[in-house]
Amino acid sequence: MLLNFVGKNIELTESLKEIAEKKFSRLDKYFSEEVETRIVFSTIKEEQTVEATIFLPKTIIRAEETTDDMYSSMDNAVDALARQIRKHKTRLKRRYQNNETIRFDEFVDKEPVKEESEHKIVKRKNFELNPMNEEEAILQMDLLNHNFFVFLDGDTDGVSIVYKRKDGNYGKIEV
């Protein structure tokens, strides 16, 4: 794994980086080639957060964990990534063998827009909608650990949204 470390409100020491390399090396067995991983360490008040993002070809796997100890957060993030990879192993393997990968481009962050109102937009994201089927969209949503995912439905050529319901099932909104 090619690890890129980022610190927010924390100074990244060599020992922290070495421990992170050791802990995240547990995930090397899941990948046949070097994959880029971005690890963000942040501290807000007493909360220690580790956010790890693995960039696969046209796929992103992400986990974010917060505890009162940075090392515990790191352990939890590695465990969460390993669970996601194992859970989706067969789906990912089938897509890579058939050259049918999940289509997903990086989000492009823009500057927040300042408006004078009660509700403020504090962050905007732009991304290209790529055609995929419902199963691919649900897989991508789960890999990102989000509650919803917007995609271009390959069957209908329309914009659709899949979302996770409170009962654990999924819903789909067709626009």
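The values are calculated or read from the model by the stated rules, or taken from the named source; none is laboratory data. Here the structure is a predicted model, which is why all the values come from computation and not from measurement. So basically every Cβ, Gly included, is an ideal-geometry build from the backbone, and we count neighbours across all protein chains shown. These area figures cover heavy atoms from the full protein model, side chains too; ligands, DNA and RNA do not enter into them. Shrake-Rupley method; radii C 1.70, N 1.55, O 1.52, S 1.80 Å.
Determine the share of region 1-78's accessible area contributed by carbon and sulfur atoms, expressed in whole percent, with a 1.4 angstrom probe. If you can, show how the numbers build up before the last one.
Numbers: 1950 of 4430 Å².
Here it works out to 44 percent.
Just going by the charge dipole of region 1-96, with Lys and Arg at +1 and Asp and Glu at -1 on Cβ, which of Tyr30, Ala80, Thr66 is farthest out on the positive end?
Tyr30
Once you've got the Cα coordinates, tell me which of Lys125/Lys172; Lys123/Lys166; Lys17/Lys164; Lys45/Lys123; Lys89/Lys164; Lys29/Lys125 are over 24 Å apart.
Working: Lys125/Lys172 21 Å; Lys123/Lys166 26 Å; Lys17/Lys164 35 Å; Lys45/Lys123 22 Å; Lys89/Lys164 20 Å; Lys29/Lys125 33 Å.
Where the Cα-Cα span goes over 24 Å, the pairs concerned are Lys123/Lys166; Lys17/Lys164; Lys29/Lys125.
With a ≥ b ≥ c taken as the square roots of the eigenvalues of the C-alpha gyration tensor of region 122-175, please select rounded if a/c is under 1.5 and otherwise prolate if a/b is larger than b/c or oblate if it is not? Can you show the working numbers first?
Working: a/c = 1.63, a/b = 1.08, b/c = 1.52.
In terms of gyration-tensor shape, oblate.
Taking 0.36 nm per intervening residue step and subtracting the Cα-Cα distance, what contour gain separates Glu11 from Lys125 on full extension? Display every interim value, and only then the final one.
On the way: separation 114, 0.36 × 114 = 41.04 nm, distance 2.80 nm.
Additional length available on full extension: 38.2 nm.
With every protein chain left in place, what is the accessible area of Ser25 in Å² (1.4 Å probe, nearest 10)?
Accessible area, nearest 10 Å²: 60 Å².
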